[in-house]
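**Student:** Before I ask anything, let me first share the structure, which is written out below as structure tokens.
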Amino acid sequence: MNQELSTLREELIHHPMYSRLTHPAALYTYMQYHVFAVWDFMTLLKRLQQELTGVGLPWLPSGHPSFARLINEIVLAEESDEDGRGGYLSHFELYLEAMEEVGADTRTIRRFIDLVGKGADPLEALRQLGVAPAIQEFVATTLHYAMTRPLHQTAAVFFFGREDIIPEMFERIIGRLEGQYGLETGRLRYYLARHIEIDGEQHGPWALQLMDALIGPSVAKRAEAEEAAVTALRARIRLWDAVLEAIKA
């Protein structure tokens, strides 16, 4: 990891936003911003699945069986994880349940999903709904690397911007949930704990292995991957900056 990536990672882990999650309104604001990052994560993952597993029709072998195994294992958990109640849910749907349980407003994200499901361009849907500029920027950055950039850059954003950093970010949040809000936060605690567990123990190391394999010995690809990772981390910091400002307002 180069010095800039290391510095941005530390800035993100120690962002002052976490210390302001001390009352229900702050938690609502955080979740209403963060839910869009929960959604766009799946587009990163699905790009990797499309490229590295056999999902076309008619089926053909992907030629990357070890990569396919790693990605399919991650998809299994992210798209159909155990929900803690004897059933299965995507992590996005679990997050919506967590928002509803604490009383955070889900109307905007549900309208967004409805618009995209009807064929709207995601970025145009965000503009139409008037979501915060930092959310628009964050999602635009994610979709740019997920849908238009070379696969090693997608993998870098997936690893550095998500699977590597998420456990430590979520540890900063889950410790603040016990007894602070007077709210039922069971679903949110379950969501956070699942990511701390599976990203830290499995998905993070797998994502690193995949990224390194896609980069290979190429110095140019390594530089491009690090550039993408820096952009992703900066976008996340700006998202947290916006959450902090909204909490203070």
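FYI, it's all coordinate maths here, none of it is from the lab. Note that the coordinates shown come from a computational prediction; the quantities given were computed from them, not determined experimentally. Reconstructed Cβ throughout: ideal geometry from the backbone, glycine too, with neighbour counts over all protein chains shown.
**Student:** Using a 7 Å offset from the Cα along the Cα-to-Cβ direction at both LEU57 and SER6, what is the distance between the two label points in nm, to one decimal?
**Tutor:** Inter-label distance under the simple model: 5.0 nm.
**Student:** Helix-only mean residue ellipticity at 222 nm, the chain, DSSP H runs n ≥ 4 weighted -39,500 (n - 2.57), per residue, nearest 500. What is it?
**Tutor:** After summing the helix terms and dividing by the residues of the chain, the value is -22500 deg cm²/dmol.
**Student:** A further question on this structure: Can you give me the distance in nm between label points at ASP241 and GLU93, each placed 7 Å from the Cα along the Cα-to-Cβ direction?
**Tutor:** Between ASP241 and GLU93, the label points sit 3.7 nm apart.
**Student:** Hey, another quick one. With axes computed from alpha carbons, what is the tilt in degrees of helix 24-52 against the longest principal axis of the chain, rounded to the nearest 10 within 0 to 90?
**Tutor:** Relative to the chain, helix 24-52 is tipped by roughly 10 degrees.
**Student:** What does the net charge come to around LEU89 if you take all other residues with beta carbon closer than 12 Å to its beta carbon, with K and R at +1 and D and E at -1?
**Tutor:** Counting the neighbours of LEU89, the net charge comes to -4.
**Student:** Indicate the gyration tensor shape class of the range 154-204 (rounded, prolate or oblate), computed on the Cα atoms with a ≥ b ≥ c the square roots of the eigenvalues: a/c under 1.5 is rounded; otherwise a/b larger than b/c is prolate and the rest oblate.
**Tutor:** prolate
**Student:** Determine the sum of side-chain charges near ALA249: Lys and Arg each +1, Asp and Glu each -1, restricted to other residues whose C-beta is under 14 angstrom from that of ALA249.
**Tutor:** Spelling it out: positives minus negatives among the neighbours equals 0.
**Student:** Between GLU184 and GLU137, take the C-beta separation as r, use R0 = 30 Å, and let me know the FRET efficiency to the nearest 0.05.
**Tutor:** 0.40
**Student:** Quick one: which residues, 5 or more positions from TYR88 or on another chain, have an amide H under 5 Å from its amide H? H modelled 1.01 Å from N in the peptide plane, none for Pro or chain starts.
**Tutor:** ASP83
**Student:** Multiplying the sequence separation of ASP114 and HIS14 by 0.36 nm and subtracting their Cα-Cα distance, what value in nm do you get?
**Tutor:** 32.5 nm
**Student:** Of ALA68, VAL139, LEU208, which is farthest towards the positive pole of the chain's charge dipole, taken about the Cα centre with +1 and -1 on the beta-carbons of Lys, Arg and Asp, Glu respectively?
**Tutor:** Selected residue: VAL139.
**Student:** Net charge near PRO150, counting Lys/Arg +1 and Asp/Glu -1 over other residues with Cβ under 13 Å of its Cβ?
**Tutor:** My count for the surroundings of PRO150 gives +1.
**Student:** Assigning unit charges at the beta carbon (Lys, Arg +1; Asp, Glu -1) and nothing else, what dipole magnitude in debye, to the nearest 20, does the chain show about its Cα centre?
**Tutor:** 480 debye
**Student:** How far is helix 186-198 tilted, in degrees, relative to the longest principal axis of the Cα atoms in the chain, given as a value from 0 to 90 rounded to the nearest 10?
**Tutor:** So the inclination is approximately 30 degrees.
**Student:** Take the alpha carbon gyration tensor of the range 73-202, find the square roots of its eigenvalues, order them as a ≥ b ≥ c, and report rounded if a/c is under 1.5; if not, report prolate when a/b exceeds b/c, else oblate.
**Tutor:** On the way: a/c = 1.66, a/b = 1.21, b/c = 1.37.
Oblate, because a/c is 1.5 or more while a/b does not exceed b/c.
**Student:** Roughly speaking, what is the centre-to-centre gap between the range 208-224 and the range 230-249 when only Cα atoms are used, to the nearest Å?
**Tutor:** A separation of 28 Å, based on Cα centres.
**Student:** Here's another thing I want to ask about it. Between SER80 and SER218, what is the label-to-label distance in nm when each label sits 7 Å out along the Cα-to-Cβ direction?
**Tutor:** Taking the simple label geometry, SER80 and SER218 are separated by 3.3 nm.
**Student:** Counting other Cβ atoms within 10 Å of each Cβ, which GluC sites (Glu not before Pro) in the range 154-249 have at most 16 and sit in a DSSP loop?
**Tutor:** In loop regions of the range 154-249 (DSSP not H, G, I, E or B), the sparsely surrounded GluC sites (Glu not before Pro) are GLU178, GLU184.
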